[in-house]
Every structure is written in C-alpha cells, then in structure tokens.
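A short write-up of the structure that comes next.
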C-alpha cells in the first residue's frame, strides 16, 4: 500500500554518491522515488520486483530552484563518533551529499571529528565543503547549576588528534560562558570569528538534566531576561551565558517546536539580543532524522562548494544573512538591502521585495510578512498578490516561482523595528494557555480556537509525495530579520518587553565556584550577597533565585528571624 507507507514511514532509502544505487527488496509492487534535496525536481516509477531478478530504473533530476548567492548548510550533524549516534562516517557523508547539502559541520558530542578525509575518499570534494566543529554538551548537575547548561555548537575549531576526545574542551561544572571562552582559544583562524550556536533551546530532559537552555534558565519571551543569562565566565569579565551568536529556530521536524522557539527568538530580538536563527537536521542516523531537512541557506560569494572557506560561512551567519527551510527558498530585501541589514528610513514607507521558490513536490500555501514578530501581511491563493499553486504533477520542472512581489510599499512602526518572512504551509493556531509566555497548546479538537478543551499540539499533515521524501516533516521556510532604523541613529533600538521591563546590558559577573554559596549575611542592610551574580537581593529576588538552586543550597539561604525580626 503506497499511501500507507507514506503515513507509517515503512520506507527504504538508498543514498547514492555516484548516481547509482542498489537495494534488495522482497518480491512485490513498489513505488521508487528519486530526489536530491530541496533545489531539485523528483522522479518516480512504480515497479514490480520478481524473485531472483534485477529491476533497473533510470531517473533524471533537474536543479530548478535558483539559490545563486547562497549555499546549503547544516550546522548540527552527528555520526557514530557521538555516543548517541549510530551512522558510520561514510554513510553519514553519503546521506548529506545525496540531499545536496553543500556545507556540513561535524558536531559530535564533546568529540572533535574531521569529515574532510571521508569526503576526499568518496571523491565528493566538488560538491561538499566540511567544517570542523564540536557540540559542547553538558550533562552533570552541580549544586549551583542543577540542570547544567544545555548543548551548544562551536565552529570552526582545531582538531587535536593526540589529545583526549581529539581536543574537545571540557564543559562540565562551569557556566556556558566559560566554555564559550575556552573554544575561542581553539579557533584555527584567529583573524576570523567563530560561531557559537545554542542548540534546541526548548528541549526537555535527557539523562540527568534538561538540555534546552531556555527551560534551564526559566526564560520567557514576555518577561525580562533571566539573571541566569548574565552569569559570567571564569576566564574573562565580559563573556556571559547569553553571548552565543546563533540559535536553532528549526531543529528536526517539529512544527510545534518551531512555533515555541520562534516566540523565544522574537523575544530576544525585542530585548536587544539579535541572535541569528538557523535550521538544522540534528541528524544522528541515516534515516528517521532525515539529512538535509531542514537546512540553512547561507549567503556566499561563491556557488561552488569546493571554493567555500570557513570564514565565508561564519561571516554570513554572524551577519544574519541566512534562510532556514524544510521546503521553499525565500529571497527577501527591503530598499534593496539583503537579509540581516539595517535600513535607515526615518519616515514614510519602505519597499519590500519577496520571492518564494520551490520544486513542484514541495507545498507552499501561504507567505507571511512579520514585523517585530507579529504577522502584518498574509498572502495566499485568494489574496491580491497570489501564491501560485503547485503543478498537479509533483515531478514537473515547472511552477517553481510560487510567489513574487516587488516594490511592495509597507509602512513600518514609528519606532525601530524588524521584519521577517515565512512561507510554506499555513501554521496551525496556537496559544499560551498557562500565561507563562511560552506557547504550549494548539487547536487539537479542530474547533477553530485554542481553549481549555485543547491539549498539546497538532502536526499539520503533508501531501503524500512530500511525506514520502521527508517523513514527519512539514514544508516551511523563514528568513532572518531586516532591521529598520526609524530614528536615524545608525543602530537598531529594540522595543523591549515593556517600558518597565528592560534588561540592563551590564558586564558579566565572573563566577567563583570555590566561593561558598552564601558570602555574607548583613543585619543592617537585610540582604544576601550571591558572589556568582555580584548582586544584592532582597526577599522577592530570593524567591526567584530559589527556583534555580537545588534543595541543599536552598537550605543554606532560608530566611531566619533576627532578634528584632529582621530577615537575615
């Protein structure tokens, strides 16, 4: 049953690096689909396999999506070198090459691996560039950090073949800011910058600890930045836990995860922390976690993967000129300025250009323009500027340009703001039912609203052909922001969560793990000093800090009544 196979995931995959492949199958009737990632057409044939016979097929695929000026990249990739992954190195490279991922960053857990020799062995240098990286993984709880500090990625990084874990820096028992500083000393090209990326910010429990930093520090996009984000490095006085460069907005196939993390990302930008949003597969296997879905398209001065340099990729990421997608490719500019730019426009409207492209097998139902994280314009098949339908034949090489608008006049807010674009399926409606600022529920009962009768999220269905190529995924693309400078001061002035809830951008306070939890108690000033924050806190702040400390530490700072009833 070909349709059932798309739903249940009972699929066989062959990753071919030289245009040919072979798969043993039981006798029967099969549908065979050939694909090469999101820029290419697909081809398919229905065949009958007979016992003891070879059945041959020929396919022709065409690159139809124009991504000139960008290369496809994945910044979160695992092989059997990671403790929780199983795919051999050669199969790892074959799987990404078959999906036309042009830049692959090796990010094993606390282990540095260089994929370049395998790429050379498979003679794939002309189609794939590799960068050495590391997933900085924390797992061990401490009294001060009962949930550790999540997972981060750093690249490029120097491989040290004769060092433990091939030189991966130690990450346990220290705040994230400390291992940020450690990896900075391992940059193979000090003249260019590294990228530090926060991984799966809302991930849950793995082993002993949470692995999503936003959950660990109790971050809410509707509230000021938590104090835990300002914890400093033991090595410098300036680096803080919040000083990562990029964050995974799209990790794997979860649309509900995207909608939650998208709000988090907008909240950071609105508080002045303009982190680059990326799309990654986080693939640990050759199948299930599909290589190349989703993927980041990063701006590049060359379209030849063999000519791409590490610094080209890091420069594009740090300048936020990046599009993430599990479906359509988006081009977006304002006043002729590309993604990541600051556009000076002190009055009047701005001119917006948007083009959305996708091969026939990729669904695109809607295009959305957002300002400061809020949808301000929606385009679909019924709007004045229409989203074009996909060809009825999913193998067609026609109908690639699904949407295009040039010179669209849009009036920004009176104050500085930022615009982003999304395209793909219509996002399901969601809400924050418990009021903590984190989206937690979708319209699960299908009554068109989110209320107490709903629980959890619903993953919208994908067309069968798309579901067969990318099981469990949904077609969706996003851009990084273009910033509008309305007051003409040459920078982006963030709106903040509210007038009374602004994060004060102060230097990091270095942590000293050797210092006792309670440094001093003062009868006169009625405060406790926490040395790792360098802050004086009263009763209300103590209640908040209790949430971050384990039971043993909490017992050390329970308020006690003095002779005159003063809190110590």
Going through 400, 450 one at a time, which residue ends up being modelled with pLDDT of 95 or more and surrounded by 15 or more Cβ atoms within 10 Å (Cβ to Cβ)? 400
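May I ask you to verify whether residue 331 is under 30 Å from residue 126 (Cβ atoms) and crowded, with 22+ Cβ neighbours inside 10 Å?
On the way: under 30 Å from residue 126 (Cβ atoms): yes; crowded, with 22+ Cβ neighbours inside 10 Å: no.
Answer is no for this residue.
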Near pairs, Cβ below 8 angstrom, 6+ apart or cross-chain, from the stretch 12-38 (assigned by TED's automatic domain parsing to the domain that holds residue 287) to any residue that is assigned to a loop (DSSP other than H, G, I, E, B) and surrounded by 11 or more Cβ atoms within 10 Å (Cβ to Cβ): none
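Output the residues belonging to the stretch 82-109 that are part of a loop (DSSP other than H, G, I, E, B) and crowded, with 20+ Cβ neighbours inside 10 Å. Steps first, please.
First, the residues of the stretch 82-109 that are part of a loop (DSSP other than H, G, I, E, B): 82-88, 99-102, 107.
Within the stretch 82-109, 82, 87, 99, 100, 101, 102, 107 meet the criteria.
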It is to be established whether one or more residues within the stretch 204-214 are crowded, with 16+ Cβ neighbours inside 10 Å and touching a helix residue (DSSP H, G or I) at 6+ places or on another chain (Cβ under 6 Å). yes
Can you find a residue that is surrounded by fewer than 23 Cβ atoms within 10 Å (Cβ to Cβ), touching a helix residue (DSSP H, G or I) at 6+ places or on another chain (Cβ under 6 Å), in contact (Cβ under 8 Å) with a residue 40 or more places away in the chain and more than 20 Å from residue 438 (Cα to Cα) anywhere in the stretch 272-295? yes
Out of 300, 306, 315, sole residue that is in contact with a helix residue (DSSP H, G or I) (Cβ under 6 Å, 6 or more places away or on another chain) and farther than 24 Å from residue 252 by Cβ: 300
Taking the stretch 59-81 and keeping residues over 18 Å from residue 280 (Cα atoms) and outside any loop (DSSP other than H, G, I, E, B) leaves 63
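Inside the stretch 129-148, can you point out the residues that are touching a helix residue (DSSP H, G or I) at 6+ places or on another chain (Cβ under 6 Å), over 12 Å from residue 216 (Cβ atoms) and surrounded by 20 or more Cβ atoms within 10 Å (Cβ to Cβ)?
Going through the stretch 129-148, the residues touching a helix residue (DSSP H, G or I) at 6+ places or on another chain (Cβ under 6 Å) turn out to be 129-131, 136, 143, 147.
Restricting the remaining residues to those that are over 12 Å from residue 216 (Cβ atoms) gives 129-131, 136, 143.
Result: 129, 130, 131, 136.
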Check 73, 97, 85 and return the single one that is out of contact with any strand residue (DSSP E or B) (no Cβ under 6 Å at 6 or more places or on another chain), in the same structural domain as residue 135 (by TED's automatic domain parsing), touching a residue at least 24 places away in the same chain (Cβ under 8 Å) and closer than 30 Å to residue 393 by Cα. 97
So the check is Cβ under 8 Å with 6+ separation or different chains; which pairs have a first residue in the stretch 306-324 that's buried (at least 22 other Cβ atoms within 10 Å of the Cβ) and a second one that's modelled with pLDDT of 95 or more and part of a helix (DSSP H, G or I)? 322/316
Mind checking whether some residue in the stretch 111-128 is assigned by TED's automatic domain parsing to the domain that holds residue 303, buried (at least 24 other Cβ atoms within 10 Å of the Cβ) and assigned to a strand (DSSP E or B)? no
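The values are calculated or read from the model by the stated rules, or taken from the named source; none is laboratory data. Since the model is a prediction, treat every value here as computed from it, not as a measurement. Don't worry about glycine lacking a Cβ; one is built from the backbone with ideal geometry, like all the others, and counts go over all protein chains shown.
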